[in-house]
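Laboratory data are not the source of any read-out in this text; all were calculated from the coordinates shown. Predicted model only: the values in this text are computed from it and were never measured. Because the Cβ atoms are built from the backbone with ideal geometry, glycine has one as well, and the counts that use them run over all protein chains shown.
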Amino acid sequence: MSAIIAFTNYFQAFEAAVATGRWEDVADHLAEDVHYAVLNVPFACELKGRNQVVAGMQRSLANFDHHMDARLLDIVSLSRLDETRLRAELVSGYERGDAALRIPVSMDIRAVDGRITELTDIYDPTWVAGALSWLATHASDLDPSYQ
């Protein structure tokens, strides 16, 4: 299975789990020793292992995303880097009250044998200051961290 198919399957399971809470479906797409990193934001982190990664995702969603009036995560493009690696360009967005935030994020993905082995969210530092200002104004009571 190609890295693009593995990522697409994971992404669909992730988006479904946000709505349904079926995180076991997400876990099925992750290698046991998966590594997840978030870079260039105050809540940057590294999570290792399927259980820790899924728990971190659940924590962030429960303490942040689920308190928003609207949430989006759209794939803008996918680029194959080699047989096991690809880069996804995404737009992450939130609405709370009358305020909206849209921020681009790059995700580096590695998949082996149909399972995700590495995920890295890379936020562009030139966008982070504006996003942090939005968070301070509209979501200071929330915590997007994974740990």
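Note down the Stokes-Einstein diffusion coefficient of region 51-107 in µm²/s, whole number, using a Kirkwood radius over alpha carbon pairs, 25 °C, and 0.890 mPa s.
Roughly 189 µm²/s, to the nearest whole number.
What Rg and what Dmax come out for region 90-147 when only alpha-carbon atoms are used, in angstroms?
When restricted to Cα atoms, region 90-147 yields Rg and Dmax of 14.2, 44 Å.
Let's test this: bin the Cα-Cα distances of region 5-64 at 10 Å from zero up to the farthest pair and state each bin's percent.
It works out to 22, 55, 23, 0, in whole percents.
Among LEU47, LEU132, LEU86, determine the one that fluctuates most according to a GNM of the chain built with springs between C-alpha atoms less than 10 Å apart.
LEU132
Can you tell me the relative contact order of the chain? Whole percent, Cα pairs under 8 Å, sequence separation 6 or more.
28 percent
For the chain, what is the charge dipole size about the Cα centre, in debye to the nearest 20, if Lys and Arg each add +1 at the Cβ and Asp and Glu each add -1 at the Cβ?
Dipole size: approximately 80 debye.
How much of the DSSP beta bridge set in region 29-118 is antiparallel, as a percent to the nearest 5?
95 percent
Starting from the Cα of VAL91, move 7 Å in the Cα-to-Cβ direction to define the label point; list residues of region 56-76 whose amide nitrogen is under 16 Å from there.
70-76
When a footprinting reagent is the concern and you count Cβ atoms within 10 Å, what order do ARG87, ARG50 take, fewest first?
ARG87, ARG50
Relative to the present Cα-Cα distance, how much length would full extension add between GLU24 and SER140 at 0.36 nm per residue of separation?
So the extension gain works out to 38.7 nm.
Based on the alpha carbon coordinates of the chain, what radius of gyration and maximum Cα-Cα distance (Dmax) apply, in Å?
14.8, 44
From the helices alone, meaning DSSP H stretches of at least four residues, give me the mean residue ellipticity at 222 nm for the chain, per-run term -39500 (n - 2.57), in deg cm²/dmol to the nearest 500.
That comes out to -11000 deg cm²/dmol.
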